[in-house]
Structures are given as structure tokens and as C-alpha cells.
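Visitor: Just passing along the structure, written as C-alpha cells.
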Amino acid sequence: MKAIRNTGPGRRVPFMDRFITFEGIEGSGKSTQIARAADYLTARGLEPLCTREPGGTPIGDALRGILLHPSHGDMTPLTELLLVYAARVQHLEEVIQPGLQAGKVILCDRYEDSTVAYQGFGREIPLNAIKMLSSLSTAGISPGLTLLLDLPVEEGLARAHRRNQDDLSEARLDREAVEFHRRVRQGFLSLAQQHPGRFRVINAMQPPEKVAHRIAHDLSLFLKLP
């Protein structure tokens, strides 16, 4: 992988300020809001690139199918973690790094924070193991802005079940116990507390139009749009 590394302690490569991630538990509305955010940015003359994790590439999408298919309920937490990072390395190489180098605004559905929340807090894999894999895999590439769509677990799961009722091919995580999803949500909120300069926590219980308006406001401030 052609690494783009930090230029020194506490300093980011400038164009990483165009790497924006959307995070949240199942059913938080990330896909809907990314599409609306892309329309907002396009209307202002920018060129957003929408992508997702796991996935975003042919190899990543194949790994996504393995990770999320409900028939793989016996997958071990470590297998899950390694597959996530295998997909991420391919995604960085094929999509994120080229997009950033081309000056595009990257809107990514999940990234490193999801790994900490799901595999760290949810699966209870030691965070130092995740940190080690992250260091090996991401070449220091991190988002400049993270939009966390937050809502109660019960509401998120109800939305996810409605979304997946006609297609269960990605329903493996939806079937986890409620306590797992509560740990995941707490993981996201803990990350937001640790990184207040990067995170914006948005109430996803609001109507989608209000959520989109709040996101547009945050994007406008972050990207310094007129």
C-alpha cells in the first residue's frame, strides 16, 4: 500500500481534512444521510466520493458478504476482526487514498471507529490488539470529521429489522443480543468523548430532514463552504 503518513506528532496530512466518516449503530440512517450529504456537496460545486466499509471494492464486497451473512454465526471474533482489516487495506489502496490524492471529499460509511466499537467494545477484543492492526493497516490515515448518528439501541434494531425483512443476506449483526449492541453504542459514545474535536454527535431520532440539515451545517463549517 502506498502509505500516506502523518508528518509529525499531532499533525495531519492536509488533504485528510476531506476524509469524512459516518458512524452509528445498526439502523441509525447512515446510508440515507450520506446520500443527502453528497447531494448537498455536489450542489456546492464539490466532488464527493461515497463509499462504505466493509466493502467499497470487489474484494471488500466479497469479504462483506462473508462478514455479514447470517449463516456465518459461528465466526470467531478474531476472524471477524481480521476480515474487517483485510477489507480496509484493499479499500484504502483502491478507493480512499486515490480519492484523497485527487482532491475529492470522501464520505465513508464506517471506518476505524466502527472497528473499535463493534470488535473492541462489542466483541470485547483487547483494544491494544486493534490498535496494533490499525497501525499496520491504515498508514495513519484518519478522518478529519466523524458524524456519529446516535439513537437508542432498541429503535435502531427495529429500523434494521424493517430494512432487512426482504433481504437477510446482511443480517448477521442484527441478530446479536441487545447487550452486544448496547456495548457498541457505548463504544461510539466513548470515542466521541475522547475525540471531541473530530466527532459531531447527532440525534438520529429526529426526522431525516432535520438530521440532514444538521449534517449540512456541520459539513459547511468543517469544509468552510460559502
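The values are calculated or read from the model by the stated rules, or taken from the named source; none is laboratory data. Source: prediction; values computed, not measured. As a convention, Cβ positions derive from the backbone with ideal geometry for all residues, glycine included, and neighbour counts pool all protein chains shown.
Visitor: Of the numbered conditions (1) among the acidic types (D, E); (2) under 25 Å from K131 (Cα atoms); (3) in contact with a helix residue (DSSP H, G or I) (Cβ under 9 Å, 6 or more places away or on another chain), E47 fails exactly one; give the number of that condition.
Guide: The single condition E47 does not satisfy is (2).
Visitor: Six or more apart or on different chains, Cβ atoms under 7 Å: show the pairs whose first residue is in the stretch 174-188 and under 14 Å from P152 (Cβ atoms) and touching a residue at least 60 places away in the same chain (Cβ under 8 Å) and whose second is among the aliphatic types (A, V, I, L, M) and part of a helix (DSSP H, G or I).
Guide: Matching pairs, first to second residue: H181/V153; H181/L157; V184/A117; R185/V153; F188/A117.
Visitor: Can you list residue pairs whose Cβ atoms sit under 7 Å apart, with the first residue in the stretch 23-36 being outside any loop (DSSP other than H, G, I, E, B) and the second being at pLDDT 95 or above and among the hydroxyl-bearing types (S, T, Y)? Count only pairs 6 or more apart in sequence or on different chains.
Guide: E23/S114; E23/T146
Visitor: Going through the stretch 55-87 one residue at a time, which ones are farther than 15 Å from A171 by Cβ and assigned to a loop (DSSP other than H, G, I, E, B)?
Guide: G55, G56, T57, D74, T76
Visitor: For the stretch 190-208, enumerate the residues that are under 16 Å from S28 (Cα atoms), surrounded by fewer than 16 Cβ atoms within 10 Å (Cβ to Cβ) and in contact (Cβ under 8 Å) with a residue 24 or more places away in the chain.
Guide: Of everything in the stretch 190-208, those that are under 16 Å from S28 (Cα atoms), surrounded by fewer than 16 Cβ atoms within 10 Å (Cβ to Cβ) and in contact (Cβ under 8 Å) with a residue 24 or more places away in the chain turn out to be N203, M205, P208.
Visitor: Would you be able to say whether some residue in the stretch 71-82 is touching an Asp or Glu at 6+ places or on another chain (Cβ under 7 Å) and modelled with pLDDT of 95 or more?
Guide: Within the stretch 71-82, none of the residues are touching an Asp or Glu at 6+ places or on another chain (Cβ under 7 Å) and modelled with pLDDT of 95 or more.
Visitor: Which condition breaks for G65 when tested against (1) out of contact with any Lys or Arg (no Cβ under 8 Å at 6 or more places or on another chain); (2) closer than 17 Å to S220 by Cα?
Guide: Among (1) out of contact with any Lys or Arg (no Cβ under 8 Å at 6 or more places or on another chain); (2) closer than 17 Å to S220 by Cα, G65 violates only (2).
Visitor: Sticking with this one: I'm checking my understanding of the structure. Among residues of the stretch 168-226 that are under 25 Å from L127 (Cα atoms) and of a type in the set (F, W, Y), which one is farthest from the chain's Cα centre (by Cα)?
Guide: Looking at the filtered set, the residue picked out is F180.
Visitor: Looking at P152, is it surrounded by fewer than 19 Cβ atoms within 10 Å (Cβ to Cβ) and within 30 Å of E47 (Cβ to Cβ)?
Guide: In short, no.
Visitor: Further question on the same structure: What are the pairs with Cβ atoms under 6 angstrom where one residue, in the stretch 76-104, is closer than 19 Å to S134 by Cα and the other, located anywhere, is part of a loop (DSSP other than H, G, I, E, B) and among the basic types (K, R)? Sequence gap at least six, or different chains.
Guide: The qualifying pairs are P77/R123.
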